[in-house]
1. Say R0 is 30 Å: what FRET efficiency, to the nearest 0.05, do K43 and K76 get from their beta-carbon distance?
2. So what's the Cα pair-distance distribution over the range 4-49, bin width 5 Å, in %?
3. Could you pull out every residue, at least 5 positions away or on a different chain, whose amide H is within less than 5 Å of the one on V119? Hs are placed 1.01 Å off N in the peptide plane, and Pro or chain starts have none.
4. Using Cα pairs under 8 angstrom and six or more residues apart, how large is the relative contact order of the range 59-123, in percent?
5. Just the ratio, please: alpha-carbon radius of gyration of the range 60-123 over 2.2 N^0.38 Å, N its number of residues.
6. Residue separation times 0.36 nm, minus the C-alpha to C-alpha distance between T120 and Q3: what's the value?
7. Taking 0.36 nm per residue of separation and subtracting the Cα-Cα distance, what length does fully extending T57 through E89 add?
Amino acid sequence: QVQLVESGGGLVQAGGSLRLSCAASGRTFSGYAFGWFRQAPGKEREFVSSISWSGTTRNYADSVKGRFTISRDNAKTTVYLQMNSLKPEDTAVYYCAARRLVAGALALEYDYWGQGTQVTVSS
């Protein structure tokens, strides 16, 4: 079992930055890949970014490429999502998810999920 707790969301103006954190506990952190997903009101959950167990493979949705950066700190068992140049369309609840070894872009591939953290970007 892996427990995930997101933090770092909030209200920010367009063009601003936020850093989301996902603190993991329960199993060997280094053996897990992680993904960030988001869900806006009335929309389906969508892939944002993922990072492999080794940290060497990182993927991004086209909509955030060049603005968001995913990283992991195995010593702190935490995954981060640095979000820069935020836009109103980035407003959503952001979820952290985990699965063994290989990262993916589909929500159904992940076994563990956090509760989510709200990000609101005002224009």
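Taken together, the values in this text are just the output of simple stated rules run on the coordinates, not laboratory data. What you see is a predicted model; the values in this text were computed from it and never measured. Don't worry about glycine lacking a Cβ; one is built from the backbone with ideal geometry, like all the others, and counts go over all protein chains shown.
1. Working: r = 32 Å, r/R0 = 1.05.
In this case the efficiency is close to 0.40.
2. So the P(r) values, bin by bin, are 5, 14, 20, 25, 21, 8, 6, 1.
3. So V119 has HN proximity to G10, A92, V93, Y94.
4. Values: 73 pairs, mean separation 19.2, N = 65.
30 percent.
5. Values: Rg = 12.8 Å, N = 64, 2.2 N^0.38 = 10.7 Å.
Output field value: 1.20.
6. Numbers: separation 117, 0.36 × 117 = 42.12 nm, distance 2.46 nm.
Once the chain is fully extended between T120 and Q3, it gains 39.7 nm.
7. Working: separation 32, 0.36 × 32 = 11.52 nm, distance 2.60 nm.
So the chain would gain 8.9 nm between T57 and E89.
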